[in-house]
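Notes to accompany the following structure.
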Amino acid sequence: FSLQELHGIFPWLVENIFGSLDGIIVGWNLRCLQGRTNPTEYSVALDFLDPSGPMMKLVYKLQAEEYRYDFPVSYLPGPVKASIQEQVLPECSLYHNKVQFPSSGGLGLNLALNPFEYYMFYFAISLITQKNSSITHHGSPSNSAYFILVDTYLKCFLPTEGSVLPPPSFNPGGAIPSPTPRSPAMPFSSYGIHHTSLLKRHIAHQPSVNADPASQEIWRSETLLQIFVEMWLHHYSLELYQKMQSPHVKLEVLHYRLSISSKHHGSPAQSGYQALHAYQESFKPTEEHVLVVRLLVKHLHAFSNSLKPEPLSPSAHSHTASPLEEFKRVVIPRFVQQKLYIFLQHCFGHWPLDASFRAVLEMWLSYLQPWRYAPEKPPQSSESLPRTVSEKWATFIQENLLMYTKLFVGFLNRALRTDLVSPKNALMVFRVAKVFAQPNLAEMILKGEQLFLEPELVIPHRQHRLFMTPTLGGSFFSSWPPNITDASFKVKSHVYSLEGQDFQYKQMFGPEVRNLVLKLAQLICQAQTTAKSISDHSAETLSSQSFFSWFRFTPSDMNGSYTGNDLDEIGQDSIKKTDEYLEKALEYLCQIFKLNEAQLAQMMMKCRTAQEENGKKQLPDCTESEDGLILTPLGRYQIINGLRRFEVQYQGDTELQPIRSYENATLVRLLFRLSSALNQRVSKNIVSFCT
């Protein structure tokens, strides 16, 4: 087809595949397409949408001709949409120089995107827009075509080995121009240190055929990552969103707003301004959404860990590092850290207190352990032992301190409110304790806290200390000799950039959190005792169950009043598992927080005796004799006054239990006669079948 025809069909085709932005057209429903259930459609869709497949070839073909496609601002994530509608540019360079203001004013704003951006916007946002459609997953979300495609695109555009494959060339003049060429005067590495350079790269939006090959190599990687992060990690309130804008961007925004207001005769619509301040984030991520974000986190760790070691001389480094290598260096602190932290806080605060939280937990633990995705393998001999966390990760831990400490406290608060007798909840506590108990990790977190709490050094000729975002650090203190000061500054700038200057830090190894850990330890002891009593109760019930339990006809009111939880469905093995998880979790918590074992043992004893006493308290006062329990005068007094009572249980033939007040007496008698007649006639046959 001619390019003109393809240009016309492209937006329709993208919508046909990924569904409409309002969720009415479902499209190919890639999130439900599984290889097991629909093998043909699954393989066809993956081949068609592959990075080297027909769809991407079409994208590159259109890219060569500099076509633009409109994406409505009204379908962007809430805070970004509210900001643009108030005519304030977001910090993310993805939106710069792309907003199309309508000639008549109002809210009909669009982003003018190139074909690659347009395709990826639709692909990423379909994870969110299609969530309300009636989807029934017949398999794991991680086996769906959508999940596989996300993985494929990440591996292609953010490769851990080699460089990004160049797009196929369709024009005789050479490769497709990058839509965001980098000026040779502005080296790529600088954007790891200063925000404005990144903006300047994106302000000049005119494609140039003579763009340097380095920018060719990187722009798709950067665009893909920015789109994924913007679409999937936008869980913040507006106040937070405004706080996230760096000082440099605020300055750019000011100039931008002045130029806009002069163009539009000072008309930022009042309604848009009110919308901005009234906006509150109400979006709730799904489990599938969290799994996709975890995939992104794991890949970014592998991507940034594949960075080659720096040469010894800094001058050599500046000349030899490729743009992709520089991108690896800054990818997590510059693009992901802040938004992922807010996303996790949102999930920790709003996710239901049930076992589905496991998805969020595993995503958090994946981010905390970049060493799991490092290329080097641990020595064979130490496989059975827990791997010691190397000192080389100290910088990562310090620059992500809140991810470890504040979110750990958030998890503690959740754990104290969950039923730890449930094996799934016990497993979550065990997982967190196991990760934090890795040798040397707690020590490195403690060191990070100490660096943050170091008294501040007064800078000469300054009244107050200025903290910048993590990506701005470095050169300001380069003349200061002690390394420790630089590390302390980095930790403080990380904390204050995420939480603001007035943040009151709660120490993970301080007395307040230690008390929470002791409370959790007590809860673990109680859960172990409860699990044991449930186990004993289940064993008794099993032994006294009638023949009909083989057919799942278990009497619902058999003596006990225990209603049960998921342990009943899973059985005795599960109770053992719960006990193992809780015991190991307690052991790990002791290691992390250096808890006194004698003190813990005493607490466990107290807990058990308290539970036993609670059981005894229900019985009236009596003495044991050969004939069983005999009431004392005090016991008689307690019964007469209704202070205590015996748990009277029917202990005879379960078929002859007294008829209850809520039962139909006639039916009970008739059905008993019927079952007795059946037993008389066919009991021998039934016994022989059973044996």
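Please treat every number below as a calculation from the coordinates, not as lab data. The model shown is predicted, which means the values in this text are computed figures rather than measured ones. Positions of Cβ are generated from backbone atoms using ideal geometry, with glycine treated the same way; all protein chains shown enter the neighbour counts.
Quick one: of K424/K576; K519/K606; K98/K284; K406/K492, which pairs are farther than 18 Å apart, Cα to Cα?
K98/K284
If R0 is 51 Å, what FRET efficiency do you get for S676 and K532 from their C-beta distance, rounded to 0.05? List each step's numbers first, then the result.
Numbers: r = 39 Å, r/R0 = 0.77.
Efficiency computed from Cβ-Cβ geometry: 0.85.
Could you sort 669-676, 299-306 so that the peptide with the highest average Cβ count within 10 Å comes first and the rest follow in order? Intermediate results must be reported in sequence, preceding the final value.
Values: 669-676: 11.1, 299-306: 20.6.
Packing proxy ranking, top to bottom: 299-306, 669-676.
Could you order the peptides 386-396, 27-37 from most to least packed, using the average number of other C-beta atoms within 10 Å per residue?
By packing density, highest mean first, the sequence is 27-37, 386-396.
Residue separation times 0.36 nm, minus the C-alpha to C-alpha distance between Q450 and D486: what's the value?
Extra length from Q450 to D486 when fully extended: 11.6 nm.
If I model region 8-108 as equal point scatterers sitting on the Cα atoms and use the Debye formula, what is log10 I(q)/I(0) at q = 0.12, 0.19 Å⁻¹?
-0.58, -1.11
Beta carbons within 10 angstrom, averaged per residue: use that to sort the peptides 518-524, 58-64, 489-495, 500-506, highest first.
On the way: 518-524: 18.9, 58-64: 20.7, 489-495: 22.4, 500-506: 10.7.
Sorting 518-524, 58-64, 489-495, 500-506 by mean packing, highest first, produces 489-495, 58-64, 518-524, 500-506.
Under a crude label model (7 Å from the Cα following the beta-carbon direction), how far is A112 from L353 in nanometres?
5.4 nm
Go through K61/K298; K392/K434; K506/K577; K447/K594 and tell me which ones have a Cα-Cα distance over 23 Å in this structure.
K61/K298; K506/K577
Under a point spin-label approximation (7 Å from Cα along Cα-to-Cβ), what is the A601-E499 distance to one decimal in nm?
Once both label points are built, they end up 3.7 nm from each other.
I'd like the distance between the alpha-carbon centres of region 34-67 and region 668-691, rounded to an integer number of Å.
First find each Cα centre; the distance between them is then 65 Å.
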